[in-house]
Amino acid sequence: AVRLQHGVSGLEPLAWSEDHRVSVSTARSIAVLEQLSDVHSGGQEMVIHRTAVPAPSAACLLKVGPKKEVAECKEKFASSADPTVSQTFMLDRVFNPEGKSLPPMRGFKYSSWSPLGCDANGRCLLAALTMDNRLTIHANLNRLQWVQLVDLTEIYGERLYEASYRLSKADTPRGELGDFSEFQRRHSMQTPVRMEWSGICTTQQVKHNNECRDVGSVLLAVLFENGNIAVWQFQLPFLGKESITSCNTIDSGINSPSVLSWWDYEHNNRKMSGLIVGSDFGPVKILPVNLKAVKGYFTLRQPVVLWQEMDQLPVHSIKCIPLYHPYQKCSCSLVVAARGAYVFWCLLLISKAGLNVHNSHVTGLHSLPIVSLTADKQNGTVYTCSSDGKVRQLIPIFTDVALKFEHQLIKLSEVFGSVRTHGIAVSPCGAYLAIITTEGMTNGLHPVNKNYQVQFVTLKTFEEAAAQLLESSVQNLFRQVDLTDLVRWKILKDKHIPQFLQEALDKKIESCGSTYFWRFKLFLLRILYQSMQKAPSEVMWRPSHEDAKILISDSPGMGSTEDDQEEGTSKQASKQSLCDAGKGTDVDDTADDSLPQSSDVGGREPMEEKLLEIQAQIEAVEMHLTREHMKRVLGEVYLHTWITENTSIPTRGVCDFLMSDDGYDDRTARVLIGHILKKMNKQTFPEHCSLCKEILPFTDRKQAVCSNGHIWLRCFLTYQSCQSLEYRRCLLHDSIARHPTPEDPEWIKRLLQGPCTFCDSPVF
């Protein structure tokens, strides 16, 4: 459980990103909880890195005209003799975000994570919508601080102002700003309701020499109060205002829109996309989105109505899940939406007859309206929750025609006691469920104070997580942190790697040889090594004043009296007794499971031998991964260099390092090195120390030491020496990498964008 500093705000306050960060919208900030599978920690608890995106201090004023004219109109509407005008104006917080006599509109209404690979570090961007309708995009570039990259509300307001608040030139001019209906229209057409990111798509960019190159881009759809949808296109990596490619506005034709979601469907290797929009009155439909210059994407010819009844059941949340239909033997798309206390589902399937739409409702789930809905996109499982602390799990089961849902109740009261729930989110691989809770009713009475907490509940067993990691199609440990965290907990708890996992992993390495399985093996060995380590007897950060006093009394020139020694000894004894008393029964409880004490010489030697054996295995796996990456770097060097060209990569040193071990016999590496040495034509191009100009020999993969003793750390991505005071580190502090420089060719910059070769983590 993680306690929040402020109460939650917004309709869907919880979101879980693809890079394992949980955002919680609160009244003062967006709390971001990042899950780490830390290989350097011996604790069994979840490791969470906590940051926050603060709410802006200044209120957001939408641009509806010149400042002077807007001020005059506001004064006119506030003092109007018509109460329908004056009261509507005074009580509408869109017109009066600063509040004056009303409480301030602080906090966040909604937050949405982009796909992985959108910011400068290859991670997710965060789009945040404040209560006063400011839409901004943030990035966490240095891990400790969130930076606002762009204010889309301000940019969109400027665009509307320049276009005279018309969506196209064919639109007829509307009334003046002094007309209250026009004043309302201009506000509603730029008041965001929700925003959602699309998947990453590829566009073609024409260079100056008329060559075309593929550029990654992502779309952000913003739904406004009047039913308009602005589709922003951003070039990747997104750096700020200069990365905005275009902005197109489409009319959804839906009154009182409440929610939207991207619809993605893949059929015969052709990707289709659209926007699913829901209304407060009940209807749900898919709108076509024309993606200009996007490769491999198609859209619908006309809108598809999924639900047309105006039954006054507001659509609260929409999720789109890609699935495979076992009977029809083709891919299909499942759309689920929360409507009141019911779950609306719609199965879309493309056949020879066209687009087939099957829809229905799942009833009898909750007695109160659904407050949050989330879906596991790995297997299609849907989770819903109502405010009374009840969570439902819905599992889709295909039939000959469409599908049905099996649902079961997850009783949180059995785990947490009486609680109220405010939001749920499932982790990317379905291992954890995050739930925002506060205290429930006790003896029919509401709690005096509310303590908001994010509770993390496991949804998978260790065996299921291990099997999913072994059969993963992603083959990236960082993208499966929620699964590796369950494996980490099991090994730290049992202090050994289960036999079935070890045997299955060895078989995968023998049959496949993918570096992913070697990295998984390295991860298991590192966790096993941490589980064997003896926990420190004292808190590492606490200073020891007594030791300092003894050192002073024993130092040269200071007399050591009997009284001083007795005082020091008594203080040490009292400190030890306080530590034992503070631990209480924990010492007795863990005594059976703990490792042998240092006084037990007979038990210590086998443990030290075991640790040395694991350490040797870790070094062997690290060396294998290093050699595999060296082969990749040499392959890039061979492909992108001419004869006798200095690439700034220590090519000769890497070749000699690979061939220095007589036990390493890799025919691929020998052939590659032979071609490279032939191309280099006896040239060595050694690196030189920037301090003394001596040659830096390549004798170690981690550092370079010149003859004068100057030590430089080596970049693990290119094996160049980092001869500067600034460099990057991977998320788990496994390795270091240098920053790209303007004179670096494109292929070296591409190498420097790679993740850590040991743990797949991004580099900061």
Legend entry - Mean ellipticity per residue at 222 nm, deg cm²/dmol - from DSSP H runs of n ≥ 4 across the chain, formula -39500 (n - 2.57): -8500 deg cm²/dmol
Legend entry - Positive dipole terminus of the chain, leading residue within 650, 226, 198 (C-beta point charges): 226
Legend entry - Kirkwood-based shape ratio for region 170-286, expressed as Rg/Rh from alpha carbons: 1.06
Inset, instruction - Starting at the first residue of region 684-699, write each ³J(HN,Hα) from the Karplus equation 6.51 cos²θ - 1.76 cosθ + 1.60 with θ = phi - 60°, in whole Hz, x for Gly and Pro. - result: 10, 6, x, 7, 10, 5, 6, 8, 10, 6, 6, 6, 9, x, 9, 10
Legend entry - region 191-310, accessible surface, carbon-and-sulfur percent (1.4 angstrom probe): 44
Inset, instruction - Starting from the Cα-Cα distance between residue 120 and residue 493, subtract it from 0.36 nm times their residue separation and give me the gain in nm to one decimal. - result: 130.5 nm
Legend entry - Local electrostatic count, residue 429, Cβ distance below 15 Å [Lys/Arg +1, Asp/Glu -1]: -4
Legend entry - Dipole magnitude of region 464-532, debye to nearest 20 (Cβ charges: Lys/Arg +1, Asp/Glu -1, about Cα centre): 240
Inset, instruction - May I ask you to list the aspartates and glutamates whose Cα is less than 18 Å away from that of residue 271, ignoring any residue fewer than eight positions away on the same chain? - result: 214
Inset, instruction - Would you please give the FRET efficiency between residue 76 and residue 162, computed as 1/(1 + (r/R0)^6) with r the Cβ-Cβ distance and R0 = 25 Å, to the nearest 0.05? - result: 0.50
Inset, instruction - With everything on Cα atoms, drop me the angle between helix 67-78 and the longest principal axis of the chain, reported from 0 to 90° to the nearest 10. - result: 60
Legend entry - FRET efficiency estimate (nearest 0.05) - Cβ-Cβ, residue 244 to residue 3, R0 25 angstrom: 0.05
Inset, instruction - Restrict the search to region 1-49; then list the GluC sites (Glu not before Pro) that DSSP places in a loop and that have at most 13 other Cβ atoms within 10 Å of their Cβ. - result: 45
Inset, instruction - Starting from the amide H of residue 704, placed 1.01 Å from N in the peptide plane, find each other amide H under 5 Å away whose residue is 5 or more places distant or on another chain. - result: 712, 713, 714
Legend entry - Given (i) 50, 36, 30; (ii) 113, 41, 18; (iii) 59, 34, 26, the label whose value is semi-axes √(5λ) of the Cα gyration tensor in Å derived from this model: (i)
Legend entry - Whole-Hz ³J(HN,Hα) from phi, Karplus 6.51 cos²θ - 1.76 cosθ + 1.60, for region 84-92, glycine and proline x: 5, 8, 5, 6, 4, 5, 5, 8, 7
Legend entry - Cα-projected label distance for residue 171 with residue 351, points at 7 Å along beta-carbon direction, nm: 4.2
Inset, instruction - Run the quick spin-label model on residue 359 and residue 727: label points 7 Å from Cα toward the beta carbon, then report their separation in nm to one decimal. - result: 5.8
Inset, instruction - Could you calculate, for region 1-143, the ratio of the Cα radius of gyration to the Kirkwood radius, expressed as Rg to Rh? - result: 1.12
Legend entry - Placed amide H near residue 387: partners under 5 Å, 5+ positions off or other chain: 371
Inset, instruction - For the chain, build the charge dipole from Cβ charges (+1 Lys, Arg; -1 Asp, Glu) around the Cα centre, then report which of 621, 353, 113 sits farthest towards its positive end. - result: 353
Legend entry - Stretch gain in nm, segment residue 255-residue 330, where the contour uses 0.36 nm per residue and the Cα spacing is subtracted: 23.5 nm
Inset, instruction - State the answer as a single residue: which of 422, 371, 136 lies farthest towards the positive end of the charge dipole of the chain, with beta carbon charges of +1 for Lys and Arg and -1 for Asp and Glu, about the Cα centre. - result: 136
Inset, instruction - Using only Cα atoms, tell me the angle between helix 499-511 and the longest principal axis of the chain; keep it within 0 to 90° and round to the nearest 10. - result: 90
Inset, instruction - Give me the net charge of residue 374's neighbourhood, meaning all other residues with Cβ under 12 Å from the Cβ of residue 374; Lys, Arg count +1, Asp, Glu -1. - result: +1
Inset, instruction - Would you work out what percent of the accessible area of region 464-532, with all protein chains in place, is carbon or sulfur (probe 1.4 Å)? - result: 47
Legend entry - Residues of the chain: accessible area per residue with a 1.4 Å probe, Å²: 50
Inset, instruction - In whole Hz, with x marking every Gly and Pro, tabulate ³J(HN,Hα) for region 269-285 from phi via Karplus 6.51 cos²θ - 1.76 cosθ + 1.60, θ = phi - 60°. - result: 6, 10, 8, 10, 9, x, 10, 8, 10, x, 10, 5, 8, x, x, 9, 8
Inset, instruction - For the chain, find the longest principal axis of its Cα atoms and tell me its angle to the long axis of helix 152-162, 0 to 90°, nearest 10. - result: 40
Legend entry - Those residues of region 89-131 whose amide nitrogen sits under 20 Å from the label point placed on residue 67, 7 Å along Cα→Cβ: 95-100
Legend entry - Cβ-Cβ FRET estimate between residue 379 and residue 310, R0 fixed at 56 Å, reported to 0.05: 0.95
Legend entry - Members of 631/702; 109/285; 76/169; 319/450 lying beyond 22 Å, as alpha-carbon distances in this model show: 109/285; 76/169; 319/450
Inset, instruction - Subtract the Cα-Cα distance of residue 534 and residue 191 from 0.36 nm times their separation in residues, and report this length gain in nm to one decimal. - result: 117.7 nm
Inset, instruction - Search the structure for amide H atoms under 5 Å from the amide H of residue 729, placed 1.01 Å from N in the peptide plane, and list their residues when 5 or more places away or on another chain. - result: 737, 764
Inset, instruction - Starting from the Cα of residue 609, step 7 Å along the direction of its Cβ; do the same at residue 702; then give the gap between the two resulting points in nm. - result: 2.6
Legend entry - Assigned charges on the beta-carbon of Lys, Arg, Asp, Glu; the chain dipole about Cα centre (debye): 2900
Legend entry - Accessible carbon and sulfur surface of region 1-132 relative to its total accessible area, %, 1.4 Å: 54
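The values are calculated or read from the model by the stated rules, or taken from the named source; none is laboratory data. Computed from a predicted structure; not experimentally measured. We place every Cβ from the backbone using ideal geometry, glycine too, and count neighbours over all the protein chains shown. Protein only, heavy atoms only, side chains kept; ligands, DNA and RNA dropped before computing areas. Shrake-Rupley method; radii C 1.70, N 1.55, O 1.52, S 1.80 Å.
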